[in-house]
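Here is the structure we will look at, set down as C-alpha cells.
The values are calculated or read from the model by the stated rules, or taken from the named source; none is laboratory data. The shown structure was predicted, so the numbers you read here are calculated from the model rather than taken from an experiment. Note that we place each Cβ from the backbone using ideal geometry, even for glycine, and neighbour counts take in every protein chain shown. For accessibility, only protein heavy atoms count, side chains too; no ligands or nucleic acids. Shrake-Rupley method; radii C 1.70, N 1.55, O 1.52, S 1.80 Å.
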Amino acid sequence: MAYTLEHFSELINEAVSSIQYPSATPGLFAPVRYTLETGGKRIRPMLTLAVYEALSHRPASEAINQAIAIELFHNFTLLHDDVMDNADLRRGRPTVHKRWGSNTAILSGDAMLTLSSMYLSKCPSDKLADLNECFNSTAMLVYEGQQLDMEFEERMDVPVKEYMEMIRLKTSVLLAGACSLGAIMAGASTEVCAAFYAYGEALGLAFQMRDDWLDTFGDPVVFGKEIGGDIRNRKKTWLLINALNEAQDELPEILREDLEDEELISQVKAVYLRLKLDERCNAAAKAYSERAIAHLSGLNIDNGARVFFENLAREASTRTH
C-alpha cells in the first residue's frame, strides 16, 4: 500500500475533475468548479482514504465516493463561511461571493451540500445507514460550531475553554468524521472507529491552533490569505482571548480605537509578542499533535500507515499554509 500524500492526492484530484455537473444551469456550478479546482490541502478526503486503506488492506479508491462527499461538504461550509465573514480571499483567489455575489455563493454552496450527500450514498447497502448517521451527526456539530463562532463576535468575555469547544465543533469533528467514514467503509469495530475519531479530533485541534497562528504570523503569499484578518475582524481566537485575559488594561482600549487596519494589526500583534502568545500557541498545537499520535498506539495497522498518520499529525502543528 502507498501511504503518501501524492498517492491520495492523485486519487482525489482525478475524482474531483471527473465530477459530472448538470449542464442546464452552468451558472450554478461554475462557482463549485472554481472552488474545487484550487485544491487546498485535501486533508479530509485523504483521511477517509488512508483510514480505509489502513484498515481494509484494500485499494483506497474503493472509498473515493465517501472521500469526495466529505470534500464537497467541507467546501460548501467554506462558501457560506466566506459570505458570513465577508472574506475577500480564499486560497489566494477572490472568494466566490466577491466574484459572483452572495446569492450565488449561498445557492452554489447548497448545491455542493446536496452533491456531497449523493456521493456519500454511492456505497454498499449495508454501509449506508452508518455512513448517513456519521455524516449527518458530524454536519450538525459543524453547524453548532459555526453558530458559536458567530455568537462569540458579540462577546468580549469568551473563555479559552469555550473557544476550544467551538473549534472542536467547527473544525475538528469534520476531520474526525472523515476518519470515521473510512473506518465504517472498512467494516471496522466500534472501538477502532472511536480511536480514529479521537485521532482526527486531536488532529483538527492542532490544525486550528496553527491556523490561528498563521493568520497573524504567517507569510501571506504562502498562507494564501491576508495576514491579520482575524485581528481586523476582532475575531475571537486563542491568541486574542488569552491576550484579553492577560492585557486587560491595554488590549480592549486598542480594539476600541478607530485605527487603520495596518496600525490595528501592528499594535495587537505587538501585545501578542510581548506575552509570548506566538510561542505558546505553537506549543499548544504541538501538544494536540502528540495527543493525536497517542490515539494510534492501540491500533493494529501496518508501519507504513502508522508513519503516514504520525507525520500528518506533526505537519498539522508546523504547516505554513
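Quick look at the numbers
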read-out	value
Region 246-257 - residue that is in contact with a helix residue (DSSP H, G or I) (Cβ under 9 Å, 6 or more places away or on another chain) and free of Cβ contacts under 8 Å to residues at least 24 places away in the same chain and, of those, surrounded by the most Cβ atoms within 10 Å (Cβ to Cβ)	Leu251
Count of region 165-185 residues which are over 10 Å from the mean Cα position of the chain (by Cα) and either among the hydroxyl-bearing types (Ser, Thr, Tyr) or open to solvent by less than 30 Å² (accessible area, probe 1.4 Å) (or both)	12
Residue that is least open to solvent (accessible area, probe 1.4 Å), among those in region 138-156 that are free of Cβ contacts under 8 Å to residues at least 24 places away in the same chain and more than 28 Å from Arg256 (Cβ to Cβ)	Tyr143
Asn65 vs. criteria open to solvent by 20 Å² or more (accessible area, probe 1.4 Å), within 20 Å of the chain's Cα centre (by Cα) and modelled with pLDDT of 95 or more	yes
Filter pass, Leu28 being open to solvent by 10 Å² or more (accessible area, probe 1.4 Å), part of a helix (DSSP H, G or I) and at pLDDT below 95	no
Answer residue from region 263-282, given it is among the aliphatic types (A, V, I, L, M) and buried (at least 17 other Cβ atoms within 10 Å of the Cβ) and is nearest to Glu53 (Cα to Cα) among those	Leu277
Inter-residue pairs, beta-carbon under 7 Å, first free of Cβ contacts under 8 Å to residues at least 24 places away in the same chain and in region 96-119, second open to solvent by less than 40 Å² (accessible area, probe 1.4 Å) and not acidic (Asp, Glu), 6+ apart	His97/Val83; His97/Ala105; Ser102/Val83
Those residues of region 201-233 which are open to solvent by 20 Å² or more (accessible area, probe 1.4 Å), over 16 Å from Asn282 (Cα atoms), of a type outside the set (A, V, I, L, M) and part of a loop (DSSP other than H, G, I, E, B), in sequence order	Lys225, Glu226, Asn233
Filtered residues of region 283-321 (kept if part of a helix (DSSP H, G or I), of a type in the set (S, T, N, Q) and open to solvent by 70 Å² or more (accessible area, probe 1.4 Å))	Asn303, Asn311
Helices (runs of 4 or more DSSP H) completely within region 122-200 that count 2 or more residues being of a type in the set (Gly, Ala, Ser)	125-152, 173-185
Some residue of region 234-241 being free of Cβ contacts under 8 Å to residues at least 24 places away in the same chain and surrounded by fewer than 18 Cβ atoms within 10 Å (Cβ to Cβ)	no
